[in-house]
Amino acid sequence: MSVRSANTPIPVEVKTAIEGFRLWPGALDAAAQADLVAEVFARLHDAPLYRPTTPGGRPFSVQMSNFGRLGWVSDRGGYRYQSTHPETGRPWPAIPTVLLDLWHATVGWPTPPDACLVNLYRDAAKMGLHQDKDEADLGAPVLSVSLGDTATFRIGAAEGGRTTTLRLTSGDVCALTGPARLARHGVDRVLAGSSRLIPGGGRLNLTLRRAR
Ligand code: SIN
Ligand code: MN
């Protein structure tokens, strides 16, 4: 749900039960979602999706790429940020302007994100519970945009204990901030065919962070 004027959609935040986990359901309307997906796929020509492996050598079920000055990568060398695509050796494409605008309209962090992870969930892809902690400043928020099929998203406190699940649908935006910045989170499953937004089907997640 959002309140919109003709040209300037204003994301409307809803309260969540988890302090610091912020949620803007439907922050992007259908037209904005379609435009963003087209822009993302155009940029992926220059930075093709690939399937990373964990430091232990297991392939991820999601396909990944990045936009921005730095991209998050994983391989036998560990988790890290780097300025080039691991397969092409080229710099990552720029972060789409609409995402930079969304960062300012939601979390309002004074400095822009320098990294945008692109995750594509196809078939039975999912993501295990983890923390985002490879960034230099863990005070800066993490902003996440969901596009395409609905995800069952799991989140729990950094220290462990019980977790909560919620559905993230296309156009939803959420953020890990303050006390939830190091929350454990993951995607249990994606409801195949729940959206027709993504060419070839599936779910696209865009995660904006300040890596340095
Ligand atoms: C991530 O934590 O990298 C992705 C989360 C999501 O796909 O919603
Ligand atoms: Mn994460």
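Would you mind telling me which numbered condition in (1) buried (at least 19 other Cβ atoms within 10 Å of the Cβ); (2) closer than 23 Å to THR54 by Cα; (3) out of contact with any helix residue (DSSP H, G or I) (no Cβ under 9 Å at 6 or more places or on another chain) ALA124 fails?
Against the list (1) buried (at least 19 other Cβ atoms within 10 Å of the Cβ); (2) closer than 23 Å to THR54 by Cα; (3) out of contact with any helix residue (DSSP H, G or I) (no Cβ under 9 Å at 6 or more places or on another chain), ALA124 comes up short only on (1).
Of all residues in the range 167-198 being under 14 Å from THR16 (Cβ atoms) and surrounded by fewer than 17 Cβ atoms within 10 Å (Cβ to Cβ), which is nearest to ligand 1 (Cβ to nearest atom)?
So the residue we want is ARG167.
For every residue, the table says whether it meets (1) part of a strand (DSSP E or B); (2) more than 26 Å from GLY78 (Cα to Cα).
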position	(1), (2)
ALA125	no, no
ASP137	no, no
ALA140	no, no
ARG154	yes, no
GLY161	no, yes
ASP188	yes, no
SER194	no, yes
LEU197	no, yes
ASN205	yes, no
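Which residues, counting only those in the range 34-55, are of a type in the set (A, V, I, L, M) and over 23 Å from SER195 (Cα atoms)?
Matches in the range 34-55: ALA47 only.
Run VAL73 past the list (1) within 16 Å of ligand 1 (Cβ to nearest atom); (2) surrounded by 14 or more Cβ atoms within 10 Å (Cβ to Cβ); (3) assigned to a loop (DSSP other than H, G, I, E, B) and report the number of the one that doesn't hold.
VAL73 satisfies every listed condition except (3).
Criterion first (over 15 Å from VAL62 (Cβ atoms), within 16 Å of ligand 2 (Cβ to nearest atom) and in contact (Cβ under 8 Å) with a residue 40 or more places away in the chain) does THR111 satisfy it?
no
On the phi < 0 side of the Ramachandran plot, within 13 Å of the chain's Cα centre (by Cα) and not in a helix (DSSP H, G or I) - does that describe any residue in the range 100-112?
Checked the range 100-112: no residue is on the phi < 0 side of the Ramachandran plot, within 13 Å of the chain's Cα centre (by Cα) and not in a helix (DSSP H, G or I).
Of all the residues that make up the range 168-190, how many are closer than 21 Å to LEU36 by Cα and more than 12 Å from ligand 2 (Cβ to nearest atom)?
Selection size over the range 168-190: 7.
Every residue in the range 199-212 that is more than 16 Å from ligand 2 (Cβ to nearest atom) and surrounded by 16 or more Cβ atoms within 10 Å (Cβ to Cβ), please.
Scanning the range 199-212 gives GLY201, GLY202.
Would you check which residues across the range 120-152 are within 10 Å of ligand 1 (Cβ to nearest atom), of a type in the set (Gly, Ala, Ser) and closer than 19 Å to PHE67 by Cα and list them?
SER144, SER146
Go through (1) over 26 Å from GLY193 (Cα atoms); (2) within 14 Å of ligand 2 (Cβ to nearest atom) and name the single condition ARG80 misses.
So ARG80 meets the others, but not (2).
Taking the range 39-59 only, how many residues are farther than 13 Å from VAL118 by Cβ and surrounded by 11 or more Cβ atoms within 10 Å (Cβ to Cβ)?
Adding up the residues that qualify gives 3.
Restricting to the range 199-212, what's the tally of residues that are within 12 Å of ligand 1 (Cβ to nearest atom) and either without any contact (Cβ under 8 Å) to a residue 12 or more places away in the chain or more than 21 Å from PRO9 (Cβ to Cβ) (or both)?
So the count comes out to 3.
Assess whether ARG80 counts as being exposed (fewer than 15 other Cβ atoms within 10 Å of the Cβ) and touching a residue at least 40 places away in the same chain (Cβ under 8 Å).
yes
Computed from the coordinates by the stated procedures, all read-outs in this text should not be read as laboratory data. Here the structure is a predicted model, which is why all the values come from computation and not from measurement. As a convention, Cβ positions derive from the backbone with ideal geometry for all residues, glycine included, and neighbour counts pool all protein chains shown.
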